[in-house]
Every structure is written in C-alpha cells, then in structure tokens.
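Participant: Got a structure for you, questions after.
Bear in mind that the values in this text are calculations on the coordinates, not laboratory data. Worth saying up front: this structure is predicted, and the values here are computed from it rather than measured. For neighbour counting, all protein chains shown are included, and Cβ atoms are generated from backbone atoms with ideal geometry for every residue, glycine included.
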Amino acid sequence: MSLKKIVILFSGEGSNLENIIKKLHQKSVIVVAAITNNPQAKGIEKAKNLGVDVVVIDHKEFDSRESFDAKLVKTIQDFEVELTVLAGFMRILTPIFTDHIKAINIHPSLLPLFKGANALERSFASEMKVAGISVHEVITELDAGKIIMQKCFDKSNMDFDTFKKRIHECEHELFPNAVLEMLAAH
Ligand code: GAR
C-alpha cells in the first residue's frame, strides 16, 4: 500500500516539523514538502537536512491575506496531499484557505482556553493548576475547530523554562499520533 502524502507548514524553530519528519516520513507518510512564510525560519535547515524540500512563500511579498492564501492553496493543491499539517505556522488564515484545505494545527494550550497569540505565556501565567496542548482541525475561526487530541500536565511550582520544555515534550509525543489518526479517519 502506498503511503499517504502530507505537507507541513511552519514559521520558525521547526521542532515539531523536525519531529514529525523523523518519526513518520517514509515510514507511515510521505512529507512531500515543508512550506514556510518566513525566509529566516530555523526549520528550513532542519527539513532540508532530513531530505524534505522546502518552499518559501514570503507573506511580505503579498498585498493581502487573501492573495497570500491563494498562493498557499495553489501550492498545496499541486502537491495533491491528503492532509496539511500546521506546525507552528503563525499566520491567520482566511476562508480562501480554510474552505479549500483540510488541515490540522497544534496549539500550546488546553483549548478552548487561551486561543490566539502568546498562548504558552498566558497559560503559564494563569492561576490554573494544569496546562497542556491541543491538536485541532483548522476552520476559519481561530483555534476553534474540532479537537482531535489533547494532553495535560500538572504545572504547579514549575518555572517558565521547565514549563516550556514540558509543552514541547507533550507536542512531540502527541502530534505525530494525531496526524496518523486524522489520516486513518479520512
Ligand atoms: C509550538 O509550541 C506550537 O504549539 C505553537 O508554536 C510552537 C512552534 O514550535 N503554535 C502556536 O502558537 C499556534 N498558534 P516549533 O516551531 O518548534 O514547532
């Protein structure tokens, strides 16, 4: 049986991108490409080092969110993938994208809490005893699509660096499984 194709979108460090490629690429899926809006993203090197092509679509070269999204959609459709995986992709998407692309996103909080920017910092600063991460389907409303998987942990007495490390550990454990579950279900 041939492996299903995915594309991964990212904007920065790319630790989730790297983790998914290492765990799944050419084993359970084919990562046909990684796409970034940021020509300086550290993840570019990481993907290339693991043999995955990178496409840069710099959002600053477009005069509207819609024209950027149209280019993104065309690029993704040309790859003929089953699923688009947003791994730290820091752009707000319009219906041009969400109406045409089946995508999942990872978010560093227990949704529906702490939607939007700086979720990790706001979750850390909150009075809650627990924190966690969510993988959800991408819809037009920000961080509001159906939740696919979540993982939580006790954050009492954690300093910020330990908290951040724990968030990333949870993400790296959960996200590849969520990708596989989503592919199996569709
Ligand atoms: C991850 O923590 C992810 O949850 C977050 O960006 C980080 C990317 O890290 N995404 C969001 O905040 C989306 N709103 P990475 O580049 O090392 O994978």
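Participant: Using only Cα atoms and rounding to the nearest 10 degrees, what angle (0 to 90) does helix 160-185 make with the longest principal axis of the chain?
Facilitator: Relative to the chain, helix 160-185 is tipped by roughly 50 degrees.
Participant: How big is region 1-157 in terms of Cα radius of gyration and Dmax, in angstroms?
Facilitator: Rg, Dmax (Cα atoms, Å): 15.8, 49.
Participant: When only Cα pairs under 8 Å and 6 or more residues apart are kept, what is the percent relative contact order across region 85-132?
Facilitator: With pairs under 8 Å counted, the relative contact order is 33 percent.
Participant: Still on this model: If the chain between residue 28 and residue 147 were fully stretched, how many nm would it gain, using 0.36 nm times the residue separation less the Cα-Cα distance?
Facilitator: Working it through step by step, the gained length comes to 40.6 nm.
Participant: Let me spell out the model: positive unit charges on the Cβ of Lys and Arg, negative unit charges on the Cβ of Asp and Glu, origin at the Cα centre of the chain. What dipole size does that give, in debye rounded to 20?
Facilitator: Dipole about the Cα centre, nearest 20: 360 debye.
Participant: Pairs of Cα atoms under 8 Å, at least six residues apart: use those to get the relative contact order of the chain, whole percent.
Facilitator: Once divided by the residue count of the chain, the mean separation gives 19 percent.
Participant: Moving to a separate point now. Which part of region 90-113 falls in the paramagnetic zone of residue 126, meaning amide N under 15 Å from the point 7 Å along Cα-to-beta-carbon?
Facilitator: 107-113
Participant: Right, something else. From Cα pairs below 8 angstrom and at least 6 apart in sequence, can you work out the relative contact order of region 6-101, rounded to a whole percent?
Facilitator: Contact order relative to length: 37 percent.
Participant: What's the longest uninterrupted piece of the chain once you rule out the GluC sites (Glu not before Pro) that are loop residues per DSSP with at most 14 other Cβ within 10 Å?
Facilitator: That would be 1-79.
Participant: So which lysines can residue 48 reach, going by Cα to Cα under 25 Å and dropping same-chain residues fewer than 8 places off?
Facilitator: Counting by Cα, and skipping residues close in sequence, residue 48 has these lysines nearby: 4, 5, 22, 23, 27, 60, 71, 74, 102, 165.
Participant: Note down the net charge around residue 80, summing +1 for each Lys or Arg and -1 for each Asp or Glu among other residues with Cβ under 14 Å from its Cβ.
Facilitator: It works out to a net charge of +2.
Participant: Given only helices, namely DSSP H runs of n ≥ 4 each adding -39500 (n - 2.57), what is the per-residue ellipticity at 222 nm of the chain, to the nearest 500 deg cm²/dmol?
Facilitator: Result for the chain: -11500 deg cm²/dmol, rounded to the nearest 500.
Participant: Stretched out fully, how many nm does the piece from residue 164 to residue 137 gain, at 0.36 nm a residue minus the Cα gap?
Facilitator: 7.4 nm
Participant: Based on Cβ point charges of +1 for Lys and Arg and -1 for Asp and Glu, what charge dipole magnitude is obtained for region 94-186 about its Cα centre, in debye rounded to the nearest 20?
Facilitator: 80
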